[in-house]
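**Q** Submitted below is the structure of interest, expressed as structure tokens.
The values are calculated or read from the model by the stated rules, or taken from the named source; none is laboratory data. What you see is a predicted model, and the numbers here were worked out from it, not measured in a lab. Positions of Cβ are generated from backbone atoms using ideal geometry, with glycine treated the same way; all protein chains shown enter the neighbour counts.
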């Protein structure tokens, strides 16, 4: 009888460990891993050329420089990017030939709903990359790119040929 009580206590202790401490340990481990991932979510902390390639589907073409990117990509995400180019036509042609995300356009029609910051995060990210520079463009060409197979990055690109600047606003689905 005494032996049954000891076994019963051991069983309760074991059940307590399994039912409480194991899930708690898994939760703590998951939170620790999630915190480590958050550093990779901040696109401003990533190499700019890598963000360019992730969003637009090709490495930066020759002559692309001064890439600035801000935003985040947890599972869905947003990016605001600005870059300059030595030759705008070369970059536009390279983006048009992109098999995964070819550009459509140009259009002189303002796609303001896609290029306007919609919330406080958007406003902060757009300021971080100098997005207000788009307001100073005298003539802007607008292009769109869609994600392949309805999953991935898609968005709009505003091109200021006179100043050789590109402004990209995109979301990932």
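**Q** Taking the residues in region 62-112 that are touching a strand residue (DSSP E or B) at 6+ places or on another chain (Cβ under 8 Å), outside any strand (DSSP E or B) and within 19 Å of residue 46 (Cβ to Cβ) as candidates, determine which candidate is modelled with the lowest pLDDT.
**A** First, pick out the residues of region 62-112 that are touching a strand residue (DSSP E or B) at 6+ places or on another chain (Cβ under 8 Å): 63-73, 76-86, 88, 91-92, 95, 98, 101-111.
Next cut, outside any strand (DSSP E or B) only: 63, 73, 76, 86, 88, 91-92, 95, 98, 101-103, 108-111.
Within this subset, residues satisfying the condition of being within 19 Å of residue 46 (Cβ to Cβ) are 73, 76, 101.
Numbers: 73: 81, 76: 76, 101: 83.
Among residues in region 62-112 that are touching a strand residue (DSSP E or B) at 6+ places or on another chain (Cβ under 8 Å), outside any strand (DSSP E or B) and within 19 Å of residue 46 (Cβ to Cβ), the one modelled with the lowest pLDDT is 76.
**Q** Inspect all residues belonging to region 150-158 and state whether any of them is surrounded by 13 or more Cβ atoms within 10 Å (Cβ to Cβ), more than 16 Å from the chain's Cα centre (by Cα) and in a strand (DSSP E or B).
**A** Let us first name the residues in region 150-158 that are surrounded by 13 or more Cβ atoms within 10 Å (Cβ to Cβ), namely 152-158.
With the extra rule that they be more than 16 Å from the chain's Cα centre (by Cα), the set shrinks to 158.
When the remaining residues are screened for being in a strand (DSSP E or B), the result is 158.
Checking region 150-158: at least one residue is surrounded by 13 or more Cβ atoms within 10 Å (Cβ to Cβ), more than 16 Å from the chain's Cα centre (by Cα) and in a strand (DSSP E or B).
**Q** Being buried (at least 16 other Cβ atoms within 10 Å of the Cβ) and part of a helix (DSSP H, G or I) is the filter here, so list the residues in region 114-127 that pass it.
**A** Within region 114-127, 114, 115, 122, 125, 126 meet the criteria.
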